[in-house]
1. Going by the conditions given, is Asn169 at negative phi and over 25 Å from the mean Cα position of the chain (by Cα)?
2. Taking the residues in region 364-386 that are out of contact with any Lys or Arg (no Cβ under 9 Å at 6 or more places or on another chain) and hydroxyl-bearing (Ser, Thr, Tyr) as candidates, determine which candidate is modelled with the highest pLDDT.
3. Which of (1) at pLDDT 95 or above; (2) aromatic (Phe, Trp, Tyr); (3) over 15 Å from the mean Cα position of the chain (by Cα) does Phe279 not meet, given it meets every other one?
4. With closer than 24 Å to Arg463 by Cα and among the aliphatic types (A, V, I, L, M) as the only criterion, which of Val293, Val271 stands out?
5. Filter region 99-143 for residues that are assigned to a loop (DSSP other than H, G, I, E, B) and of a type outside the set (Gly, Ala, Ser); which is surrounded by the most Cβ atoms within 10 Å (Cβ to Cβ)?
6. Within region 102-121, can you find the residues that are of a type in the set (D, E, K, R) and within 18 Å of Asn200 (Cβ to Cβ)?
7. In region 179-215, what count of residues is obtained for those that are farther than 24 Å from Leu287 by Cβ, surrounded by fewer than 18 Cβ atoms within 10 Å (Cβ to Cβ) and either of a type in the set (S, T, N, Q) or in contact (Cβ under 8 Å) with a residue 60 or more places away in the chain (or both)?
8. Among the numbered conditions (1) touching a His at 6+ places or on another chain (Cβ under 9 Å); (2) at pLDDT below 90, tell me where Pro389 comes up short.
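The values are calculated or read from the model by the stated rules, or taken from the named source; none is laboratory data. Owing to the predicted nature of the structure, the values given are computational and were not obtained by experimental measurement. Please note: Cβ atoms are built from the backbone with ideal geometry, for glycine as well, and neighbour counts cover all protein chains shown.
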Amino acid sequence: MASNEPPWHATVRSLGTAVIGCFFGLALIDVVIASNAAVGLSDASSETLAVPQWLYLATGGAVIGASALLASVITDREFIRSVHDWRKPVSAQLPLRQGIVYLARFVGVAGLVIIVYRGFVGPQVPTANAAVILVFAGVRAGLTMVVYLVGNVWPALNPWRTIAELLPNLGRRYPARLGRWPAVAGLLALVWLETVTPVNKEPALLATAICAYSIVTLAGALFYTPKSWFSNADPLSVTFRFYGSVGPLRWSENGVSLRPPGFDLPESGIVSKTADIAFIVALIWELTFSGFVTTTTGVEFISAVVGWGVPPLVVYGALFVGGYLLFLGAFWLAAQLARKTGETYLTPRTMAVRFAPPLLAIAAGYHLAHYFGFFVSLLPSFVGSVVSPFSPSANPLVLTRPGWFGGLTIAFILVGHVLAVWLAHAEAYATFPSRIQAVRSQYPFIVVMIAYTVVSLWLISLRTVDPAFVS
């Protein structure tokens, strides 16, 4: 009997089977006893690439080149529309939905209490403290991966939202002119804090930072409303919302539906203002920045500049702010050029708003490359912290990653890149009536996407070390 599923559906299913096989392959990973080394940025970064350089360069170059040709090869609007509109209902109803939500809220609040408590009173050794493991392996790595690989579960888990919704609020109107700029500033501030302070190595400092974050977050949610604050100003909620838009599952009152990852982005309307674009670029830059400062090249560069008499924090600050402005400026320049190459009367801002969502696929791919190995290594410690947060193991286990993990890192970045190019391709054909306009409008954005990807691939090829002067 002939199948009604799209021809590419079987390929997707095969890839899914391959992914499952990879997880079974994790059983082959060696297990070692963790030392008292800190869980920090250097651990989250990729290790030295363990694949032949010629294969690395050939694979990366071939995929990037193929993605650049995509815009000029696939021009059948009907095919693009049929692929992009595919979806499948997974469940007509969500049994016990309310009970699951209540359980998730309890888990979120309990997790926050445990993290703060163990941060202050637990052992001040990061690999043996549940607070550090739960925050960096559980939330920074694991939960974020769940959000863009499955769907956004943060609204139910968010402990600050749960608390805020139980308390009366002043109900002030959130200033529309602020948009998501507070979330942009908050995200950059969190990344800066993680980079230049030992918050990922000193549990008590981490607990103090979380208490300060809790005060600011609850004050904002109660001054305005939880809905407006967590939709616009809270950097964690906005981060998970943006990453969640890449996930394949969508929850609604009618049940759960499945779409290919990221295919909801073009019509999601998640990007509508300049602040949204700035936030997406910040997601890409923060991973690039943390990746650079934990490489030998980054450490040598920073050490050389400090050797000229420049204070370390000034060097880090200039690199952090300057790099972010460079990434953001490159995307805005692409929007300016796309208006000319596409020969359209649409403003550069409109072009930027429409082509910014595909960048989330690049951000997700780079996060997966940056944190997947880190999460796998600390998986025994994470499970132990969840099961028994008050009696941690004196000698926690750490999984040693085999050499083929380097290939996964490359694949994650390249898959994110190809998905981003396809989404930009679909957006262009949805925006312009002319095929020539649709093809030419993509060129500047594809160049920027290639630049982001090349930088990411370059960083993962470098050996990682502790960041200079702040480790």
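1. yes
2. This residue is Tyr366.
3. Of everything listed in (1) at pLDDT 95 or above; (2) aromatic (Phe, Trp, Tyr); (3) over 15 Å from the mean Cα position of the chain (by Cα), Phe279 misses just condition (3).
4. Val293
5. Restricting to residues being assigned to a loop (DSSP other than H, G, I, E, B) and of a type outside the set (Gly, Ala, Ser), the top hit is Asn129.
6. Arg118
7. Result for region 179-215: 4.
8. Tallying (1) touching a His at 6+ places or on another chain (Cβ under 9 Å); (2) at pLDDT below 90, Pro389 fails exactly one: (1).
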